[in-house]
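Below is one structure, written out as structure tokens; comments come after it.
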Amino acid sequence: MMNHLSYPDPVTVYVPRDSTALALGADDVAAAIVREAESRGVRVKLVRNGSRGMFWLEPLVEVALEAGRIGYGPVAAEDVPGLFDAGLLEGGTHRLRQGPVDDMAYLKNQQRLTFARVGITDPLSLDDYLAYEGYVGLRQALSMTPAAVVQQVLDSGLRGRGGAAFPTGIKWQTVAGATAAQKYVVCNADEGDSGTFSDRMVMEDDPFMLIEGMTIAGIAVGATQGYVYVRSEYPHAIATLQQAIAIATEKGYLGRNVLGSGHSFQLEVRKGAGAYICGEETAMLESLEGKRGVVRAKPPLPALQGLFGKPTVINNLISLASVPIILARGAAFYKNYGVGRSSGTLPFQLAGNIRQGGLVEKAFGLTLRQLLDDFGGGSDSGRPIRAVQMGGPLGAYIAPHQFDTPLDYEAFAAIGAMIGHGGLVAFDDTVDMARQARYAMAFCAVESCGKCTPCRIGSTRGVEVIDKIIANNDRPQQIRLLRSLCDTMVNGSLCAMGGMTPFPVLSALTHFPEDFGTPGEQAA
């Protein structure tokens, strides 16, 4: 056993504070490390960092050595004494030792731009943030004209990371050109899609990056007030973000005179009430105004008449979090990543029946199969992956013959699918795709705001029709009826809630007809 003389300086040990790690016992592990160090008379500096995004290894404990950070995981509190016996603080050999974290293939093969600091820094240390290129983008923006900042975002090719993939710079340009005494910047962090967690990770693990991106947006368009709309199911994200806003305000990075520039930008967090429809931008605005979350008709566009009727920039969290590096390194640097009109990187999120669930940031252009096999390691059950849903509960189901499609907005649109927020949910060959199709309709029936008939009534009728198909009640006629109903919902719904619900239903019918009966019955 080592004594305290062996460690003249405290050894820095990292234990994540990310909510995934917390759910797996990270607080208990952190407390056990402190207790064990004290009982052995050794000095430890415990840092609660963000997660590296390798969730199958959480809690991942890292020890900072001269050669780099050595990882151990997944660590339980009861493993801590044995880890100390094995020389944890010297990077000693143990069954949980993963080796140098930066050399792990899962991380080494990524292209982390937006997530470059995540898992490395203390999320609430402004000094850490500044040491890793933090606020370089804001300082650059303050040295430019607002129009030049907007042009950088336009030139970068950044598109909305929330699903619609609309060019971010065009939204900014529209708001910048509007004349109004008050303008707003709203971050849509109502991350409700299945299999998604990148927004949460930014808020919990690198909140200053979002604050910086929103501040740049405010300066670029002439907005002085920003709001982050966060889903109520994210208490850790809300708490961390509020603390970071307070720190940024105290240090002059937010407030009435940002870094002495004369620009004013204030930021507040607003908590949603659990409605999926509030992920739609106009329903979110209604909620922010204290009303029931119901979709607004367009026009007017929110860019011109948004929050409280004023010009409003509304962007997804990852869109805004991508802005600091674009300003720090230039539009050309960012646009050099990706393919075609899909510029930059996207944090893909692997969930469902997948062996190595977690976050993978890569440039657009890799294939879905590469994500599933090279990063995900195949299914957790060991059985073949039969279907993958991307784009949340309203995204199409993708069949194995489509797995080699490049992850590119246009390439996915060409096969009737969408990348959306980058969340991926995998299913093995035991899945019943008829029941998955039913789930899509049932989800819409529960979450519809009720404003338009195709969504409100169509989804309820959809559940009834699929139940008849599953029960083999006049199956050929019911399949024809289901397709007709889907056509009505796609073309008649007011927003994407009803308009996209048919996507998983139709893709399941098309690619997995055997789950709805025989192919012959489907074609009848």
Handout entry: Scope segment 129-145; condition without any contact (Cβ under 8 Å) to a residue 24 or more places away in the chain and farther than 24 Å from Gly50 by Cβ; matching residues
Key = Ser143, Met144, Thr145
Handout entry: Matching residues in segment 104-114 - criterion: being in contact (Cβ under 8 Å) with a residue 24 or more places away in the chain and assigned to a helix (DSSP H, G or I)
Key = Tyr106, Leu107
Exercise for the section: Working carefully through the options Ala387, Ala413, Ala399, find the one that is modelled with pLDDT under 95 and more than 26 Å from Leu57 (Cβ to Cβ). Expected result: Ala413
Exercise for the section: Specify which of the listed residues (Ala21, Ala30, Ala64) is more than 24 Å from the chain's Cα centre (by Cα) and part of a helix (DSSP H, G or I). Expected result: Ala30
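Residue by residue, here is whether (1) in contact with a helix residue (DSSP H, G or I) (Cβ under 8 Å, 6 or more places away or on another chain); (2) assigned to a helix (DSSP H, G or I) holds:
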position	(1), (2)
Ala37	yes, yes
Val42	yes, no
Lys45	no, no
Ser51	yes, no
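Kindly indicate the residue of segment 426-440 that is in contact with an Asp or Glu (Cβ under 9 Å, 6 or more places away or on another chain) and of a type in the set (A, V, I, L, M, F, W, C) and also farthest from Asp515 (Cα to Cα) among those meeting that condition.
Per the criteria, the residue is Ala426.
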Exercise for the section: Look through segment 221-266, keep the residues that are open to solvent by 20 Å² or more (accessible area, probe 1.4 Å), in contact with a Gly (Cβ under 6 Å, 6 or more places away or on another chain) and not in a helix (DSSP H, G or I), and return whichever of them is farthest from Val175 (Cα to Cα). Expected result: Ser232
Fill in the blank from the handout: Residue hits (segment 174-194; in contact with a Leu (Cβ under 6 Å, 6 or more places away or on another chain) and open to solvent by 10 Å² or more (accessible area, probe 1.4 Å)) are Ala178, Tyr184
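In segment 176-184, is there at least one residue being part of a helix (DSSP H, G or I) and either at positive phi or at pLDDT 95 or above (or both)? Give the derivation first.
Initially, segment 176-184 is screened for residues part of a helix (DSSP H, G or I), giving 176-177.
Imposing the further condition that a residue be either at positive phi or at pLDDT 95 or above (or both) reduces the set to 176-177.
Within segment 176-184, one or more residues are part of a helix (DSSP H, G or I) and either at positive phi or at pLDDT 95 or above (or both).
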Handout entry: Candidate set from segment 340-362 (those that are open to solvent by 10 Å² or more (accessible area, probe 1.4 Å) and closer than 18 Å to Ile318 by Cα); member that is modelled with the highest pLDDT
Key = Lys362
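Okay, residues lined up against (1) under 23 Å from Gly422 (Cα atoms); (2) open to solvent by less than 70 Å² (accessible area, probe 1.4 Å); (3) in contact with a Cys (Cβ under 7 Å, 6 or more places away or on another chain):
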position: Asp103; (1), (2), (3): no, no, no
position: Tyr106; (1), (2), (3): yes, yes, no
position: Arg117; (1), (2), (3): yes, yes, no
position: Leu126; (1), (2), (3): no, yes, no
position: Leu130; (1), (2), (3): no, yes, no
position: Gly134; (1), (2), (3): no, yes, no
position: Thr145; (1), (2), (3): no, no, no
position: Val150; (1), (2), (3): no, yes, no
Practice task
Inspect all residues belonging to segment 453-476 and state whether any of them is within 22 Å of the chain's Cα centre (by Cα), modelled with pLDDT under 90 and closer than 20 Å to Val294 by Cα.
Solution key: no
Handout entry: Selection count where residues are touching a residue at least 60 places away in the same chain (Cβ under 8 Å) and within 26 Å of the chain's Cα centre (by Cα), scope segment 166-180
Key = 5
Exercise for the section: Looking only at segment 257-265, decide whether some residue is closer than 23 Å to Arg161 by Cα and either aliphatic (A, V, I, L, M) or touching a residue at least 40 places away in the same chain (Cβ under 8 Å) (or both). Expected result: no
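Just to be sure before I move on: is Arg480 out of contact with any Gly (no Cβ under 7 Å at 6 or more places or on another chain) and either over 30 Å from Glu281 (Cβ atoms) or open to solvent by 70 Å² or more (accessible area, probe 1.4 Å) (or both) in the structure I sent?
yes
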Exercise for the section: Look through Arg117, Arg69 and report the one residue that is assigned to a loop (DSSP other than H, G, I, E, B) and in contact (Cβ under 8 Å) with a residue 40 or more places away in the chain. Expected result: Arg117
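The values are calculated or read from the model by the stated rules, or taken from the named source; none is laboratory data. Since the model is a prediction, treat every value here as computed from it, not as a measurement. When we count neighbours, we look across all protein chains shown, and the Cβ atoms used for this are built from the backbone with ideal geometry, even at glycine. Ligands, DNA and RNA are excluded from the accessible area calculation, which covers all protein heavy atoms including side chains. Shrake-Rupley method; radii C 1.70, N 1.55, O 1.52, S 1.80 Å.
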